[in-house]
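See below for the structure under consideration.
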Amino acid sequence: KAGIVVVVAAGNFGRDNSLGEQGYGTITAPGNDPYVLTVGAMKSMSTPSRTDDLIASYSSKGPSSIDHVVKPDLVAPGNQIISASAANSYLDVTYPANFPVLGGSTQSYLFTLSGTSMAAPVVSGAAALLLQQNPALTPDQVKARLMKTAYKSFPKSSIAVDPATKAQYTSYYDLFTVGAGYLDVQAAILNTDTFTGSALSPVATFNLSSKSVTIANIAGTNVVWGSNVVWGSNVVWGSSVLSGNNVVWGSNVVWGSGSLVATNVVWGSNVVWGSSNVAGEAIQITLYGEQ
């Protein structure tokens, strides 16, 4: 409201299955705020190409607990990120193995970390570039442009292996995992679309009897940034579907029967919308970078 673009890490609880939710409903505050731009983490797979990148299994998934805001808004590189190091800091002293080895020698002025807190600054940099290009953009316009231009070609699922525990984690590329897509800085800079109004993240409402989900903005008009659509013509983000057949929330797709996601997840029992849902417990998880 002060004219500042607020970018927030989604959280690192995507592996949590303590309530049978498979990491869904684990977006942490303040990432659950519908105004902010909430960012999940992707793995660059150590290549310059975006096409082989995969979601980090620890990246928190939406919707937010209690109010069911659709999050994250966007995903960006956040796994095994090499960044600047503060000499003799706590991390330097405690985790010297995180100094990267480049050109055959250890670089003590750099440090490697994984997490959505490493992905969020990438989006902050993109927001800064948009504002450098056009200082008149509002926070809502920056958020909407980054989401609209995001890369949206994903696999249906992927499996990650924790190098320390050897545990396997399966991720599905649905709305609550990757949001509007994968940050594409060049596409955002080249985009000239503008709009007036709010870019609040929408709310998901589950109808138990029909097993259907309605995505509505805060005003309740069943749209996100457009007329009866989410980023496209009567669809979610593109032509006809979101990495599935026919629809996103219908049968034989993400949340329906025979879907990508098994029972006892977001819409099942003992999870976000069932009894004993995700709320009220503090959970601490130690995370490792993924292979």
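The values are calculated or read from the model by the stated rules, or taken from the named source; none is laboratory data. Computed from a predicted structure; not experimentally measured. Quick reminder, even Gly has a Cβ in these numbers, built from the backbone with ideal geometry, and neighbours come from all protein chains shown. When the accessible area is computed, the model is the full protein with side chains, heavy atoms only, and any ligands, DNA or RNA have been set aside. Shrake-Rupley method; radii C 1.70, N 1.55, O 1.52, S 1.80 Å.
Among the residues of region 178-203, write down those that are under 15 Å from the mean Cα position of the chain (by Cα) and closer than 15 Å to Val70 by Cα. Please lay out each step first, then the result.
Looking only at region 178-203, we keep the residues that are under 15 Å from the mean Cα position of the chain (by Cα), and these are 178-184, 201-202.
Answer for region 178-203, where residues must be under 15 Å from the mean Cα position of the chain (by Cα) and closer than 15 Å to Val70 by Cα: Val178, Gly179, Ala180, Gly181, Ser201, Pro202.
Residues in region 153-168 that are in contact with a Gly (Cβ under 8 Å, 6 or more places away or on another chain) and open to solvent by 50 Å² or more (accessible area, probe 1.4 Å): 1 in all. Of the candidates Asn88, Asn98, Asn32, Asn17, the single residue that is under 17 Å from the mean Cα position of the chain (by Cα) and open to solvent by 10 Å² or more (accessible area, probe 1.4 Å) is Asn32.
When you scan region 113-120, do you find a residue that is farther than 14 Å from Ala10 by Cα and open to solvent by 70 Å² or more (accessible area, probe 1.4 Å), even just one? Steps first, please.
Filtering region 113-120 for residues farther than 14 Å from Ala10 by Cα gives 113.
Of the ones still in play, those that are also open to solvent by 70 Å² or more (accessible area, probe 1.4 Å) are none.
Within region 113-120 (the criterion being farther than 14 Å from Ala10 by Cα and open to solvent by 70 Å² or more (accessible area, probe 1.4 Å)), the answer is no, since none of the residues qualifies.
Contact map, region 151-169: residues that are within 30 Å of Ile189 (Cα to Cα) paired with residues that are surrounded by fewer than 17 Cβ atoms within 10 Å (Cβ to Cβ), Cβ distance under 7 Å, separation 6+ or inter-chain. Pairs shown: Tyr151/Arg50; Lys152/Gly238; Ser157/Thr170.
A count restricted to region 192-212 and to residues that are out of contact with any His (no Cβ under 6 Å at 6 or more places or on another chain), outside any loop (DSSP other than H, G, I, E, B) and either free of Cβ contacts under 8 Å to residues at least 24 places away in the same chain or surrounded by 18 or more Cβ atoms within 10 Å (Cβ to Cβ) (or both) stands at 2.
Met42 meets all of the listed conditions (1) touching a Gly at 6+ places or on another chain (Cβ under 9 Å); (2) in a loop (DSSP other than H, G, I, E, B) but one, namely (2). Scanning region 182-191 for residues that are modelled with pLDDT of 95 or more and assigned to a loop (DSSP other than H, G, I, E, B) gives Leu183, Asp184.
What residue, among those in region 35-78 that are of a type in the set (D, E, K, R) and within 10 Å of the chain's Cα centre (by Cα), is nearest to Ser158 (Cα to Cα)?
Taking the candidates together, the pick is Lys61.
Residues in region 169-191 that are crowded, with 23+ Cβ neighbours inside 10 Å and of a type outside the set (Phe, Trp, Tyr): Ser171, Asp174, Leu175, Thr177, Val178, Gly179, Ala180, Gly181, Leu183.
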